[in-house]
Structure formats: structure tokens, C-alpha cells
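One structure is given below, encoded as C-alpha cells.
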Amino acid sequence: MATVLALDVGSSSVRAQRFDEQAEPVDERRQERYDGGDPDEIVRLVSEVIGGRDEGVDAVGTSCFGHSLIALDAADRPLTPVLGWRDTRSAEAAAWLRRRVDPGAVQARTGAHLHPSFWPAKLAWLAEAEPEVFRSAARFVSFCDYLYAQLHGAPHGAMPTTSSSIASGTGLLDLTTGAWDAELLEVLQVDEERLPALSNEPQAGWYPALIDGACSNLGAGCVGRARAALMIGTSGALRILYETERPQPRPGLFLYVLDERRVVEGGALSDGGNLHAWLNETLAPSEGSVLERGPDEHGLTFLPFLGGERSIGWDPDAKGSIAGLTFETTPRDIRQAALEGVGFRFAAIVERLPEVEEIVATGGGLLSDPDWIQLMADTLARPITASGVEEASLRGAAVAILERLGHEAPAAPLGAVFRPRQDRADAYRSARERQQQLYEVLNG
């Protein structure tokens, strides 16, 4: 039987595990956590979790976080740390770009918004804030491009390669032509020779890395327009993965590539598991469940923009806010309102995906908290099924390369179904309207 090694390089941890041709694990999952953006440290941790297990397998595949940028010198050494989606220092650069080009046309071509999460704003900021670094950079690459070069011992000066999947997450790929976007490169004054070559072909059994969101859908079995994955890890996203010959991004959403025939579309929130952690660190412990009271009883309205806004308004300057506080407000009330607030933002995303009929909950931040899944069902007013896959992106990386090898993995397992509580439907409808009103007041 075929055996593959799957890697999952996330924004705070790295994992590796072998899978058979049925996409079932055949050894233990190794994981290492990290904090910070030192690219060489992350490479070291990836090497540790691999631990020689790439030998004797039929292929190796990788799911990797998207949107990252590293500037390399002529000797292929990093001039910057990993600049990730959470780095909002390029907010003013994004605003400058929106004045120079048509933002709607850019999003229609690239599937990405002119926002600090993506390369165009990061490159414009780097040119302004660190001009010497920008001028001396021989290459601009994603982290996984650097990772592969280091693991494979690429010679100095060799042209790095990247997959169309990872390239689509930069915000610089023209989805129609499959090439780097000419208008943006001209505005940014970046020659195409400073960017990786685009290739989806394997090298020595290693398949090019794929963007993690698409792998997550694939691993959880959320394939086709009707079944969406609602993922909460460090951040959050609601996505569909489907086949199309003509990618057509919709306003307010993103659209990235998995491979030559499939795209992943949806919306992302900067507040997810990180918000859950902030609540636990900031609020006093409280007894009781967040399911005991309805939103009309605590009376709070929470906008979950502590990390700025991505979908659907893509405002990096947006701030989190809470309205309705009284002397009777408890830590549990605030915690519940925050988790409900995330659900209401997902409801705004799913409204722009009218073809969605089923939602599957994925990601450690959500699967580890059944009460939050129930609040998601209440706030979205839809049933939500818990995924039976513990690490969807890791399994998705395995499924993707098994497909390339000619194997079709069985359907992903599913867990319990959480249904919206009908006796609270009116209260949640009113609470969502209050959040939308607050959003419009604060964001114009």
C-alpha cells in the first residue's frame, strides 16, 4: 500500500504524520509549537517533526499557512522575519494602494483584497519603511518556499519555486492568467525575476506546498459548493472548496487556488481561538455555561475586531468593541457575547455564499469547545455538524498527494450535530441586528 508523509505548518505549530492510501494515520503525530517569526527556527522545528520519516514513503505533501512574506538576500538568507497576516503595520500602505489602483478590479483578478494580510501592502510598506532591505532583496518568497529550499539544500542563487496555491494567497497572482499580476508589479516596482517561479510539479517525491485553508476543507471532507467548513484555530474562516474553470471572486470574500481545477472561497476573521484565549486570560473565572442565558438576558453587543477586520469589510483599523455594559454584567456575560459576536460575523459571510446547505465545524479552537459550536448553530440559525477529523489540514495534505498518486480517500468522518435552539431564535435574530447596527455606526 502507498504511504505518504503529510506536513502541516501552521501559524503557531508544526505537525507531521504518515498516512496510508486510505488517508488513515499509520504512526504517531509529532508536533512542535513556536512563537515568533524566525524562519530558521521554524525550519528547525519542521525538521524535528519529520525526523527522517520522509525516507521510504511514496511522496511528501505540505499544508502551509498562507500570506507570509520573507525578503531574501543574494545568498538566500532572510533579511526579514516571517511577515504574516497578523502584521498590520502595512495598513497605510494598503490605503495608498487603494488610491493608486481600482480595489474592486484587483480583487476580481486576484481573489484578494488590498489589505495588510497580503503581499502588495507588505511590499509597499517594506519599500517605504525599510528601503535598504527592499532594494537589497534578491527574492521575495513565502515561508514554505524558504522551507523547501532549506530542506532540499538548494544551491545559492537558485530560483525558488512556489505552487499556484501558495501564490494565490499572496494577493499577487492573476487567477485568470495563472501568472503574477502585471499591474500590481508595476505599481510596486517589483520585477517578476524577484518572485518565485510558479510550478505545481513534484521534486524528488516532494509535492509543492498548498495553502492551509484549502487543505483543511479537503481533509474535513468539505468538498463542493453545498458543504462549508467553519474553522476556528488561531483565527477563523468559513470556506467552500469546489471545481471551476473560471474563478470569479465575490465582493467581501477571498478566493484562492488548491490546484488546476479547484478553488477555495469564503471569508476570514482575525479573531478566533486567539480571542478565546484572550477572554480566558483577561476575565475572572466564572461558573456556569454560556448556554444558560439568551443574548437578550445579558444585553451585550460585541464586535470581535481585536485583531482588525478581514471579511467582509477588510478594515485593518477596525477595533473590537462592546456595548451594553452595566453593573450587573458578569465575566460569563462578556465571554458569551464575544463568542456570539464571532458567530454573527460568520453569519454575514455565509449570507454571501447562498449555495451552502451544510456547515461542518473544524479546527481545534472550535472542536475543543462544544458550547461554542452550539452558539455557532444559534447565531447562524443553521445546524452545524462537528468534524470527526482531529487535524483537518494535516489529513488534507495527505489526501491531496494521494489524489496525485491516483488514490481516492474515503469520506471524512463526521461527529455530533448541533441544532439551533428554536426557543431562542427571535432573541438571536434581534442580537444580530444590534451587532449590525453597531458595526454600521462605528465603521460608517
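The values are calculated or read from the model by the stated rules, or taken from the named source; none is laboratory data. Since we're looking at a predicted model, the values are computed, not measured. Quick reminder, even Gly has a Cβ in these numbers, built from the backbone with ideal geometry, and neighbours come from all protein chains shown. Please note that ligands, DNA and RNA were not included when accessible areas were found on the heavy atoms of the full protein model with its side chains. Shrake-Rupley method; radii C 1.70, N 1.55, O 1.52, S 1.80 Å.
Counting only DSSP beta bridges with both residues in the chain, the antiparallel share comes to about 70 percent.
For segment 156-212, the alpha-carbon radius of gyration amounts to 1.18 times the rule-of-thumb value 2.2 N^0.38 Å expected for a compact globular protein. Put a dot 7 Å past the Cα of R33, heading toward its Cβ, do the same for R86, and the two dots end up 1.2 nm apart.
Computed from the Cβ-Cβ distance with R0 of 60 Å, the FRET efficiency linking L442 to R261 stands at 0.90. Placing a label point 7 Å from the Cα of R100 along the Cα-to-Cβ direction, the residues of segment 127-160 with a backbone N closer than 16 Å are 127-132, 134-135.
The gain in end-to-end length when the S430 to E281 segment is fully stretched comes to 50.7 nm, 0.36 nm per residue minus the alpha carbon separation. Electrostatic bookkeeping for Q31 treats Lys and Arg as +1 and Asp and Glu as -1; over the other residues with beta carbon under 11 Å from its beta carbon, the sum is -1. Accessible surface computed residue by residue for the chain, with neighbouring protein chains in place and a 1.4 Å probe, gives 41 Å² per residue. Give me the base-10 log of I(q)/I(0) for segment 302-401 at each q in 0.19, 0.20, 0.22 Å⁻¹, Debye formula, one uniform scatterer per Cα, rounded to two decimals. One equal scatterer on each Cα of segment 302-401 leads to -1.10, -1.16, -1.26. In whole angstrom, how far apart do the alpha carbon centroids of segment 324-392 and segment 80-104 sit? Using only Cα atoms, the two centres lie 29 Å from each other.
Of the residues S235, S117, S12, the one that moves most in a GNM of the chain with alpha-carbon contacts below 10 Å is S12. In this label model, E193 and R225 are separated by 4.4 nm, measuring between points 7 Å along each Cα→Cβ vector.
Counting other Cβ atoms within 10 Å, keep those with at most 16, restrict to DSSP loop, and tell me which GluC sites (Glu not before Pro) in segment 1-37 are left. The qualifying sites are E28. Of the DSSP H helices in the chain, those that are both long (alpha-carbon extent of 24 Å or more along the helix axis) and hydrophobic (Kyte-Doolittle mean at least -0.5) are 331-350.
Helical content of the chain, expressed as a calculated mean residue ellipticity at 222 nm, amounts to -10500 deg cm²/dmol (DSSP H runs of 4 or more residues, -39,500 (n - 2.57) each, divided by residue number, nearest 500). Return the FRET efficiency for the residue pair V26, E390: r is the Cβ-Cβ distance, R0 is 25 Å, and the value is rounded to the nearest 0.05. Efficiency, from the Cβ-Cβ distance: 0.95. The value given for the chain is a Kirkwood hydrodynamic radius of 22.2 Å, derived from the mean inverse Cα-Cα separation.
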